[in-house]
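Take a look at the structure below.
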Amino acid sequence: MFAFFNKRKEQHKLQDKIELDMNNIPKHIAIIMDGNGRWAKERNLPRTMGHRAGVETIREIVKECNRLNIRYLTLYAFSTENWKRPQNEVNTLMELLVQYLRNEFDELNRNDVVINQIGDISKLPKVCQKELLSAYERTKNNKGVVMNLALNYGGRDEILHAVKNIVKAAKEDLISIEKIDESLFENYLFTSGMPDPDLIIRPSGEKRISNFLLWQCAYSEFWYSNIYWPDFKVKDLHRAIYDYQHRDRRFGGVK
Ligand code: IPE
Ligand code: IPE
Ligand code: MG
């Protein structure tokens, strides 16, 4: 009985012990933080409790990304479609955002994290906008991981936003139509100046993009798992990076 138990423990240890190649760490990881609702349902809790539990995961994952020297971590926190949810759930998500920024600020700042945001935040409650802008102002010169919180973010919305601003600039003769290429277009996206995500992680079992980084994901590696976001641990992040490091990225070329 004890021998069996010890063997199980040893195997688990082996599974957890993943050697990452520190010379091939993704520059940009993006995560669709999904499965909070189902995690809560399994425990007969309200969905909002799942979102609260999801915040704990964010804390650990940001810390680890920083330790691994990942440059950008984009976290999908609220999509342009999530407004369709019941009002009390939307309210809780907005309250959690403010609480998160207030409670975690000191530790994030101490860890040199830049607290950034992508998406159209003008539609968020004023208090959220204020906390986000203030967190960015106070951390923009930090040297650690840039954490992009994707809020009221939609890939289609982002592309339309870019198109409108490009047309406006063209009308004002600030750019000529011939000059519009991929690199100019990227300058008009919320992610302007950032590398495309190398790795996109989606826990919860869903295998879809749900309007996330549509332009930027052209050559991203995808990693899915059935684990719900509140149960997602540092070892799962390691597994995703390990798998990424064993993929053959060809970008349309040949070896
Ligand atoms: C993701 O978890 C969090 C947000 C979309 C804000 P969900 O709330 O989508 O969880 P499931 O998919 O219902 O389990
Ligand atoms: C995607 O999850 C958005 C976020 C994680 C913020 P959803 O739960 O909203 O996606 P769908 O509806 O299952 O595609
Ligand atoms: Mg979901």
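Read the figures in this text as sums done on the coordinates, not as results from a lab. All figures in this text were calculated on a predicted structure; none of them were measured in a lab. Reconstructed Cβ throughout: ideal geometry from the backbone, glycine too, with neighbour counts over all protein chains shown.
The stretch 73-95 to the stretch 157-205: how many Å between their Cα centroids?
So the separation of the two Cα centres works out to 24 Å.
When the convex hull of the C-alpha atoms of the chain is computed, what volume per residue in Å³ does it have? Don't jump to the answer; show the numbers that get you there.
Numbers: hull volume 42.3 nm³, N = 255.
Considering the Cα atoms of the chain, their hull volume per residue is 166 Å³.
First obtain the Kirkwood hydrodynamic radius of the stretch 102-240 from its Cα pairs, then insert it into the Stokes-Einstein equation at 20 °C and 1.002 mPa s, and state the resulting D in µm² per second as a whole number. Please list the in-between numbers first.
On the way: Rh = 17.2 Å.
Once the numbers are plugged in, D ends up at 125 µm²/s.
Tell me which residues come under 5 Å, amide H to amide H, from Lys233 once H is placed; ignore anything under 5 positions away on its chain.
none
Can you return the lysines within cross-link range of Lys126? Criterion is Cα-Cα under 22 Å, with same-chain partners fewer than 8 residues away left out.
Within the straight-line cut-off, Lys126 pairs with Lys84, Lys140.
Stretch Lys255-Asn142 to full length: gain in nm at 0.36 nm per residue minus the Cα-Cα span?
Details: separation 113, 0.36 × 113 = 40.68 nm, distance 3.83 nm.
Roughly 36.8 nm would be gained on extension.
Could you sort the peptides 81-90, 212-221, 172-181 by per-residue average Cβ neighbour count (10 Å cutoff), highest mean leading? Spell out each step's value before the answer.
Working: 81-90: 12.3, 212-221: 17.7, 172-181: 9.6.
Top to bottom by mean Cβ count within 10 Å: 212-221, 81-90, 172-181.
Please give the calculated 222 nm ellipticity per residue for the chain, where each DSSP H segment of at least 4 residues contributes -39500 (n - 2.57) and the sum is spread over every residue; nearest 500 deg cm²/dmol?
Details: 8 runs with 116 residues, N = 255.
Computed ellipticity for the chain at 222 nm equals -15000 deg cm²/dmol.
Just to check I understand the Karplus step: with θ = phi - 60° and J = 6.51 cos²θ - 1.76 cosθ + 1.60, what whole-Hz values come out for the stretch 213-227, glycine and proline as x?
So the J values, rounded to whole Hz, are 6, 4, 6, 6, 8, 3, 10, 6, 8, 9, 9, 10, 7, 7, 5.
Highest first, please rank the peptides 92-101, 151-160 by the mean number of other Cβ atoms sitting within 10 Å of their residues.
151-160, 92-101
Within 10 Å, count the other beta carbons around each residue, average over each peptide in 70-77, 134-141, and list them highest first. If you can, show how the numbers build up before the last one.
On the way: 70-77: 22.6, 134-141: 14.1.
In decreasing order of mean packing, 70-77, 134-141 become 70-77, 134-141.
Pairs Lys17/Lys41; Lys123/Lys164; Lys130/Lys233: which are spaced more than 20 Å apart, C-alpha to C-alpha?
On the way: Lys17/Lys41 31 Å; Lys123/Lys164 18 Å; Lys130/Lys233 31 Å.
In this structure, Lys17/Lys41; Lys130/Lys233 lie more than 20 Å apart at Cα.
Binning at 10 angstrom from zero up to the longest distance, how are the C-alpha pair distances of the stretch 112-178 distributed in percent?
19, 34, 31, 15, 0
Suppose R0 equals 22 Å. What FRET efficiency, 1/(1 + (r/R0)^6) with r the Cβ-Cβ distance, do Asn44 and Glu95 give to the nearest 0.05? Kindly include the intermediate steps, with their values, before the conclusion.
Working: r = 22 Å, r/R0 = 1.02.
For Asn44 and Glu95, the calculated efficiency is 0.50.
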